[in-house]
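Notes follow the structure.
The values are calculated or read from the model by the stated rules, or taken from the named source; none is laboratory data. Since we're looking at a predicted model, the values are computed, not measured. Backbone-built Cβ (ideal geometry, glycine too); neighbour counts: all protein chains shown. Only protein heavy atoms, including side chains, enter the accessible area calculation; ligands, DNA and RNA are left aside. Shrake-Rupley method; radii C 1.70, N 1.55, O 1.52, S 1.80 Å.
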Amino acid sequence: MTRRTFTLPAAAVAAFAAVLAVAGPAAAHVEVSASDPRALAKNVTLTFTSEAESDTSGIAKLQIVLPKGIAPDAVSLAKAPAGWTLTPSEGGYTVGGKALATGTDAVYSITVTQLPDAKSLAFKTIETYGDGSVDRWIELPSGGAEPENPAPVLALKPAAPGAAASTAAPTPTPTPSASAPTTEPSTSTTEKAAEKDDDGNGTTVAIVAAVVVAAGLALWWFRRNRGTGSA
């Protein structure tokens, strides 16, 4: 008895592999690790790796929203690409400088005075490339679904025995939101002002035209009635 063997066409195999790839968990495009990933740990070094995804330009700037419990003044730059600096901002910081070579991941480290008493910390991140394009890694898991643009999240272990929060009052930090800071406004104030000016100019022209027409009609009516009366 001859045993028949069946083989799938190459196209079907490729399609099946693509389905599996899509169904699998999304890879983190910005990753974070810690030298001491424990709640309330002090002088902890956090290392971030932002994967380069552009084929035309390198990463030039990263904007980070700090999680609740870490103030901007509790963060300092430990290591970064040559020429890059850290600038505190409201609720976070910006680190950047000359754009990296295309395809080069942006790796830098910061030192945090003390981690908060939490189970995990999310660092919403906005990547800006040298050509101005932007990637936003600011989404958090919701309802068990993996977000398409996940923010880097650091899982923390329980605090060490006897660990306590610093007595120094931390600078208030706004609650991170999906509207992470960005230098790319949806519609600039200038554009809105221009639109408003255009509307105002159009209205003025219409009023002037109406006045001219009304004046012309009044003159015609006056002359007509005058001519009729003289007859």
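Assuming S109 fulfils every condition listed in (1) in a loop (DSSP other than H, G, I, E, B); (2) closer than 19 Å to D36 by Cβ; (3) open to solvent by less than 30 Å² (accessible area, probe 1.4 Å) apart from one, which condition is it? All conditions are met except number (1).
For the subset of the stretch 139-158 comprising residues that are open to solvent by 40 Å² or more (accessible area, probe 1.4 Å) and of a type in the set (G, A, S), which member is nearest to L46 (Cα to Cα)? The qualifying residue nearest to L46 (Cα to Cα) is A155. Looking only at the stretch 96-106, decide whether some residue is in contact with a strand residue (DSSP E or B) (Cβ under 6 Å, 6 or more places away or on another chain), of a type in the set (V, I, T) and touching a residue at least 40 places away in the same chain (Cβ under 8 Å). Checked the stretch 96-106: no residue is in contact with a strand residue (DSSP E or B) (Cβ under 6 Å, 6 or more places away or on another chain), of a type in the set (V, I, T) and touching a residue at least 40 places away in the same chain (Cβ under 8 Å). If the condition is being part of a strand (DSSP E or B) and open to solvent by 20 Å² or more (accessible area, probe 1.4 Å), then the stretch 31-57 contributes E31, V32, S33, A34, R38, K42, N43, T45, T47, T49. Filtering the stretch 117-138 to residues that are over 17 Å from the mean Cα position of the chain (by Cα) and open to solvent by less than 20 Å² (accessible area, probe 1.4 Å) leaves only L121. Taken as a whole, the condition of being outside any strand (DSSP E or B) and either modelled with pLDDT under 95 or at negative phi (or both) does not apply to A60.
Taken as a whole, the structure places A118 among residues that are closer than 27 Å to L40 by Cβ, in contact with a Pro (Cβ under 8 Å, 6 or more places away or on another chain), at pLDDT 95 or above and assigned to a loop (DSSP other than H, G, I, E, B).
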